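Below is one structure, written out as structure tokens; the observations come after it.
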Amino acid sequence: MSQEPVRLKYGYLSAEPDAPNHDRQLDLKVIFTDLPKTAAALATARTMARGLSAHITLMAAEVVPYPLPLAAPDVPVEFTERMLKSIAVEDTAVEIYLCRDRNETIRRALPPDSVVIVGTRKWRWLPSWERQLTRLLRQDGRRVLVVTV
């Protein structure tokens with residue numbers, strides 16, 4: 001049984017996900033993994049955005065355990081928001097999704113033509129959820145840049 005994620009937006013972007021495309025600039029989507037990896041991904045996004053006059057959106061999918069309602073996560077949204085804003089710069093939009101399945105929520109939230117930046121650790125024997133998400137996004141036809149830490 002799948003439930004719709006709760007979407008919370010902060011920053012400069014409009015709350016409408018389907019804004020008209022005619023005057024839209026490139027929007028680089030950075031996926032939150034953890035603080036050091038996401039900081040590296042944001043640094044890469046800032047470098048890219050400078051040359052392309054692009055927007056940066058930091059997306060975080062916070063998994064809420066099943067006993068709790070989606071609108072009442074075990075970690076307060078305000079804490080997540082403060083943590084994300086501590087690594088984001090002023091012109092970065094922050095989107096927080098309260099969900100049951102992180103990968104599915106991110107896949108559904110990204111527009112089809114997205115440029116996605118994911119911070120991950122260097123390759124190890126066991127695949128991480130970030131690598132699995134990267135593989136799924138590429139299968140969906142999205143352009144994914146992996147930043148290793």
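Some values worked out for this structure:
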{"read-out": "Within segment 57-88, tally of residues that are hydroxyl-bearing (Ser, Thr, Tyr), modelled with pLDDT of 90 or more and more than 24 Å from Leu28 (Cβ to Cβ)", "value": "0"}
{"read-out": "Ser86, sole failed condition from (1) touching an Asp or Glu at 6+ places or on another chain (Cβ under 7 Å); (2) polar (S, T, N, Q); (3) surrounded by fewer than 14 Cβ atoms within 10 Å (Cβ to Cβ)", "value": "(1)"}
{"read-out": "Within segment 46-83, considering residues that are in a helix (DSSP H, G or I) and not hydrophobic (A, V, I, L, M, F, W, C), the one surrounded by the most Cβ atoms within 10 Å (Cβ to Cβ)", "value": "Thr80"}
{"read-out": "Hey, Ala41 of a type in the set (A, V, I, L, M, F, W, C), buried (at least 19 other Cβ atoms within 10 Å of the Cβ) and either assigned to a helix (DSSP H, G or I) or modelled with pLDDT of 85 or more (or both) or not", "value": "yes"}
{"read-out": "Residue satisfying condition, being closer than 25 Å to Pro67 by Cβ and either at pLDDT below 95 or in contact with a Lys or Arg (Cβ under 8 Å, 6 or more places away or on another chain) (or both), within set Leu110, Leu136, Leu98, Leu126", "value": "Leu98"}
{"read-out": "Qualifying residues in segment 108-146 (those that are of a type outside the set (A, V, I, L, M) and surrounded by 16 or more Cβ atoms within 10 Å (Cβ to Cβ)) - the one nearest to Gln25 (Cα to Cα)", "value": "Ser114"}
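The values are calculated or read from the model by the stated rules, or taken from the named source; none is laboratory data. The structure displayed is predicted, hence computed values, not measured ones. Positions of Cβ are generated from backbone atoms using ideal geometry, with glycine treated the same way; all protein chains shown enter the neighbour counts.
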